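Below: one structure, written as structure tokens.
Nothing in this text is a laboratory measurement; each read-out follows from the coordinates by a stated rule. Everything quoted here is computed from the prediction, not taken from an experiment. So basically every Cβ, Gly included, is an ideal-geometry build from the backbone, and we count neighbours across all protein chains shown.
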Amino acid sequence: MNTAATAFNPACPDNTSIKVDSPTLTEIPVRQERGERAVFCGLTSIIWLHRKIQDAFFLVVGSRTCAHLIQSAAGVMIFAEPRFATAVLEDKDLAGIADCNDEIDRVVERVLQRRPNIKTFFLVSSCPSEVIKLDLGNSAQRLNKIYQGRVRFADYSGSGIETTFTQGEDNCLKSLVEELPNTESKEKNLIIAGTIADVVEDQFKRIFEQLGVENVSFLPARNEEQMPKVGDNTYVLLAQPYLGETTRSLLKRGAKLIQAPFPFGAEGTLEWLRSVAKVWDIPEDKFESVISIPLARARRALTHYQDKLAGKSITFLPDSQLEIPLARFLSRECEMKLKEVGVPFFDRQIIEAEMNLLPADVTLTEGQSLDDQLDRVREDKPDLTVCGLGIANPLEAEDLRTKWSIELMFTPIQGFDQAGDLAELFARPLIRESRLEC
Amino acid sequence: MQLTVWTYEGPPHVGAMRVATSLKDVHFLLHAPQGDTYADLLFTMIERQNKRPPVTYTTFQARDLGSDTAKLVTDAIQKTYQRFKPDVMLVGDSCTAELLQDQPGTLAEGAGLPVPVVPLELSAYSRKENWGASETFYHLVRALLIHQKEQSGDKEEGIDKLEFKKPKANLLGPSVLGFRCRDDVVEVTSLLRAIGVEVNVIAPLNASPEDLLRIPEADFNICLYPEIAATTCAWLERTFKQPYVKTIPIGVGATADFLREVGQLAGIDVEEYIQNNSSRLPWYSKSVDSTYLTGKRVFIFADATHATAAARIAKFELGFDVVGIGSYSREQARDVRKVAKELSLDALITDDHLEVEKAISELRPELVLGTQMERHIAKRLGVACAVISTPAHVQDYPARYSPQMGFEGANVIFDSWVHPLMMGLEEHLLGMFREDFEFNDSAAPSHLAAEGTLSNQPEEDIAKNTNQEIVWDLEAERELRKIPFFVRGKARRNTEKFALDSGLDSISLDTLYEAKAHFSR
């Protein structure tokens, strides 16, 4: 599924290797695989989105499988009544006996009775709803009329035939972008896009304040009122590397993309912030004075784990789209050796600033052919494999250490003060191995 | 459309995966989009399986829909067979693929594989996990054995009957992701061995297709888990004249009944064995320490097998009061309703956990026996809970031997149901010295201190007036708060009901005690 990459790159038709003009990219061969994939669908991102946006509700229109997926991936750890649910399609819906529009209206009404404080209501389509061509866009329009602005309805696809894992968030944010208010402001303003932990958001806010970068907002915001405005003087900085569609929507609304590596590790965060400082014309000495202390702290925190990680090899199976920036962090700041780095799909526009920082001999794979890839893991015997939950224990049983990729989505890992935590996540399985006697 | 927050059962293809993963040398080709691959983690994370489930997903995407998803299936069938070389291939589709009507089963049957192919129709939009497991097991067994039926002669003939042979039984139903199936199989096998019955085949757990072919060699079947094996057992009875044992040996009484039923089919007198072997449960339950268990209000919600077994144990073996019982197993609802009726209750048959939560908060039991859903509900309401059934979480697949079935299972049940409760004298002291600043009812039972406080539930929730027309005067309200919180809600409701029935519109201190005398608790 290369739609994200091809949308802005007509020279790159689907189904072929990516043609590139960047010198680094041409040097790195990209293996394309089109076989069995082991990756969550976009519905999974509801697990963190519904906690991040506190006045939003996510209604998946799908099957029992969708409901079971979300609760299994979330581990039912978060049993506080969630702000999501599934409207499970039944035989009578498929046979056309029950009018799906009426059914959706009825379910929405029931949810809103229980939760009168919901401001944004997402109708999320799934594999089955898309195969039967249920138009949730129509439903959102209809419901917007019925609720007359008291609740805002939006729709997006979280289906596994259209999206993988984090692409669900991309589609969700894209649907938000279309509704963001316009701003005519002549002053530069900055949107930081991608769900990050509240604590990290607050850290970044403080740094931008100290730098004198004003008008910073986050997408998604914690509630509807704080959602950003967008206009011709809006700049977009990505905190997560999976927001191709969201970015392109923002660009269509007049915003400009700040190309930067992602804020993983001391170096990543430094370059990420520096790219904003450049656009805002912040004097170099001021920039240095603001970031020197947290940067030094980040580097100090990293030293605890660098000796544990240095020289160790790592493979990423395609999963969250975080693979490339994390591989860059681990190779440059922790001196790990990259075996294979797999990603579900390449989105050149988004990942460009990262590609130049990867070692030239890295093996990159787009897409997956699960059993073949696992054969390569067995052959490569990396010291650590980053993979999905379904695969981790079987690899451990083959005496290969693993790191669950979903943990990277549920842990604050961006920014200076999380650089050490990020390294620790990868060091822990190795430390554990060295502690256990049998 | 059914509004669902959490679900008790997965979709039917997850049931099929449970059967495939339980078996050896079987591979399941599932026509499904990539998101459906999440199901692997149920096996590898919740039950800590050290192998990937033997399942290959076609993981079709939107762009494949425009071309030919059937081609994708045909290719996957060949590739999957070549890689895994299973003895039997199961082929089916998940909810989305069902809509595409590619008929992967038919395609696989026509693919010319050198091994049996069993096509599965899983009805994703009307059925659920246990049904899917049951259908898969039945169709697999049937596909392998249907030819034997044609060849098999009269079982009564032959040399076998002339010499003394131990009666043989199959244990049918245990599977991966079942509740304590791993240990129940060991326990039941040793129980049967002790009375002289040999276990022929255990399936689907760890059985190979070759083992399944030996099923007809047994004299009878034991249906250990009707949710998965009842259909198969009934077919085997019709086809091979194999009767089957229906009692589930969970609890002391049920284990004895089970042994008697087995004894009858096997022609063995089991009474002496039952006399000489039992669980510690009866004595533990009789010992004075257990008097505080008397009349504890218990709410049960589980699959049908474990719910009905729990009711019998709770009432007759531990002396609890069962105040509510229910199940998410619609297919076995009749059994649960029958047990509920015997307890003068209405069974709650639902797969909506919000309804279960409502029932629990209204009944305000002192112990909930349920699934992981009920554990969460009970935690929120500050009620003690033990998990007795799937769906269960990783901590309910313990490292130690902890069966539910047989006499040892009864020991395990006694321990795990009593453990969450406040101990007898501790409960008395709480009632007497409620105002002690360190030892009060918001403290957890002392042996559970590490698990945090019990009453993380907001006071208003239990102390809410259930009836707006009745006013509590200040003195009565204060007195009510001296009652330990786990019975306070009930005391409030009883008192209000008493006041209403007596035509009062306010409650005084006296009314509170009048009500106490009236309800005598």
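Listed values, structure above:
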{"quantity": "Percentage relative contact order, chain B, counting C-alpha pairs under 8 Å, at least six apart", "calculated": "12 percent"}
{"quantity": "Highest-first arrangement of A:102-110, A:321-329, A:162-170, where packing means the average Cβ count within 10 Å", "calculated": "A:162-170, A:321-329, A:102-110"}
{"quantity": "Tensor-based shape of chain A (alpha-carbon gyration tensor, a/c under 1.5 rounded, otherwise prolate or oblate)", "calculated": "oblate"}
{"quantity": "Residue range of chain B that is longest and free of GluC sites (Glu not before Pro) which are both DSSP loop and sparsely packed (at most 12 other C-beta within 10 Å)", "calculated": "B:164-434"}
{"quantity": "Rh by Kirkwood over Cα pairs, then Stokes-Einstein D for the stretch A:241-300 at 1.567 mPa s and 4 °C, µm²/s", "calculated": "101 µm²/s"}
{"quantity": "Radius ratio Rg over Rh of the stretch A:198-280, counting only Cα atoms, Kirkwood formula for Rh", "calculated": "0.93"}
{"quantity": "Nearby aspartates and glutamates by direct alpha-carbon distance to B:LYS358 (threshold 12 angstrom, same-chain neighbours under 8 apart not counted)", "calculated": "B:GLU374"}
{"quantity": "Inter-part distance where the stretch B:15-56 and the stretch B:82-110 are each reduced to a Cα centre, Å", "calculated": "14 Å"}
{"quantity": "Fewest-first sequence of A:ILE47, A:ILE431 by Cβ atoms within 10 Å of each Cβ", "calculated": "A:ILE431, A:ILE47"}
{"quantity": "Label-point gap, in nm, between A:ARG378 and A:ARG34 - each point 7 angstrom along Cα→Cβ", "calculated": "2.6 nm"}
{"quantity": "For the stretch B:294-402: rounded, prolate or oblate by the Cα gyration tensor [a/c cutoff 1.5]", "calculated": "rounded"}
{"quantity": "Lysines with Cα under 17 Å of B:LYS79, excluding same-chain neighbours fewer than 8 positions away", "calculated": "B:LYS71"}
{"quantity": "Nearest-20 debye value, the stretch B:165-276 charge dipole, Cβ charges on Lys, Arg, Asp, Glu", "calculated": "220 debye"}
{"quantity": "Two-site label geometry, A:ALA296 and B:ARG478: point separation in nm, points 7 Å out along Cα→Cβ", "calculated": "6.2 nm"}
{"quantity": "Flagged links, alpha-carbon separation over 20 Å, of A:LYS252/A:LYS278; A:LYS119/A:LYS188; A:LYS312/A:LYS381", "calculated": "A:LYS252/A:LYS278; A:LYS119/A:LYS188"}
{"quantity": "Cβ crowding within 10 Å averaged over residues, with A:284-297, A:343-356 ranked highest first", "calculated": "A:343-356, A:284-297"}
{"quantity": "Distant alpha-carbon pairs in the stretch A:304-435 (separation over 18 angstrom), percent", "calculated": "50 percent"}
{"quantity": "Nearest-0.05 FRET efficiency for A:ASN117 and A:GLN210, computed from C-beta distance (R0 41 Å)", "calculated": "0.75"}
{"quantity": "Average partner coverage of A:394-406, which counts Cβ from other chains inside 10 Å", "calculated": "2"}
{"quantity": "Alpha carbon Rg of chain B, scaled by the compact-globule rule 2.2 N^0.38 Å", "calculated": "1.12"}
{"quantity": "Max mean-square fluctuation residue, GNM over chain A, Cα-Cα springs under 10 Å, options A:GLY158, A:GLY388, A:GLY342", "calculated": "A:GLY388"}
{"quantity": "The stretch A:189-288 - percent relative contact order, Cα under 8 Å, separation 6 or more", "calculated": "26 percent"}
{"quantity": "Proxy reagent accessibility, fewest Cβ within 10 Å first, across A:PHE153, B:PHE519", "calculated": "B:PHE519, A:PHE153"}
{"quantity": "Long-range HN-HN contacts of A:ILE132 with modeled amide H, under 5 Å", "calculated": "none"}
{"quantity": "Cα convex hull of the stretch A:42-163 - mean projected area over all directions, nm²", "calculated": "6.9 nm²"}
{"quantity": "Pairs of alpha carbons in the stretch B:165-276 whose separation is greater than 24 Å (percent)", "calculated": "16 percent"}
{"quantity": "Protection proxy ranking of A:381-387, A:145-151 - average other beta-carbon atoms within 10 Å, highest first", "calculated": "A:381-387, A:145-151"}
{"quantity": "Length-normalised contact order for the stretch A:358-436 - Cα pairs under 8 Å, 6+ apart - percent", "calculated": "23 percent"}
{"quantity": "Whether the stretch A:246-373 is rounded, prolate or oblate, judged on the alpha carbon gyration tensor where a/c under 1.5 counts as rounded", "calculated": "oblate"}
{"quantity": "Bins of 10 Å, starting at 0 and running to the largest distance - Cα pair percent for the protein assembly as shown", "calculated": "2, 11, 18, 21, 20, 15, 9, 4, 1, 0, 0"}
{"quantity": "GNM result for chain A, Cα springs below 10 Å: residue of A:LEU358, A:LEU173, A:LEU112 fluctuating most strongly", "calculated": "A:LEU112"}
{"quantity": "Cβ neighbours within 10 Å from other chains - mean over A:88-97", "calculated": "4"}
{"quantity": "Residue of A:ILE191, A:ILE258, A:ILE413 that the Gaussian network model of chain A assigns the largest fluctuation, springs spanning Cα pairs under 10 Å", "calculated": "A:ILE258"}
{"quantity": "Relative exposure of B:SER175, B:SER190, B:SER416, B:SER287, judged by other C-beta atoms within 10 Å (fewest first)", "calculated": "B:SER287, B:SER190, B:SER416, B:SER175"}
{"quantity": "Over 30 Å between alpha carbons, listed pairs A:LYS92/B:LYS246; B:LYS166/B:LYS315; A:LYS133/B:LYS379; B:LYS165/B:LYS241; B:LYS51/B:LYS379", "calculated": "A:LYS92/B:LYS246; B:LYS166/B:LYS315; A:LYS133/B:LYS379; B:LYS51/B:LYS379"}
{"quantity": "Distance histogram in 10 Å bins (all Cα pairs of the stretch A:368-438, percent per bin)", "calculated": "18, 47, 29, 7"}
